[in-house]
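Encoded as structure tokens, the structure appears first; notes follow it.
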Amino acid sequence: MSFVIREGGESFESLYRRFKKAVQQDKLRAEMKKRRYFEKPSQTRKRKAAKKRIKSRRTTLKMQRRWD
């Protein structure tokens, strides 16, 4: 759980900005989105495999650009 402590004389806006940053760093919102609906194990495997393919393709293209 993310939390921030208000420092002396800090405005609400800056406190809210720090809180949003803390939540983003904890990846809490992404986790909530992911768990919002049930995902079958087969769907999870397909999603992860697709993510790996995209990452592999991206690194391959990067390496090709380096050699050109």
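The values are calculated or read from the model by the stated rules, or taken from the named source; none is laboratory data. Every value quoted in this text rests on a predicted model; they were computed, and no experiment measured them. Cβ coordinates were reconstructed from backbone atoms using ideal geometry, including for glycine residues, and neighbour counts include every protein chain displayed.
Of note:
- Search result, residues across region 14-36 that are assigned to a loop (DSSP other than H, G, I, E, B) and surrounded by 10 or more Cβ atoms within 10 Å (Cβ to Cβ): K27
- Residue match in region 4-13 (condition: part of a helix (DSSP H, G or I) and of a type in the set (A, V, I, L, M)): no
- Any hit, region 37-45, residues being at pLDDT 95 or above, surrounded by fewer than 10 Cβ atoms within 10 Å (Cβ to Cβ) and assigned to a helix (DSSP H, G or I): yes
- M63, sole failed condition from (1) surrounded by fewer than 12 Cβ atoms within 10 Å (Cβ to Cβ); (2) not in a helix (DSSP H, G or I): (2)
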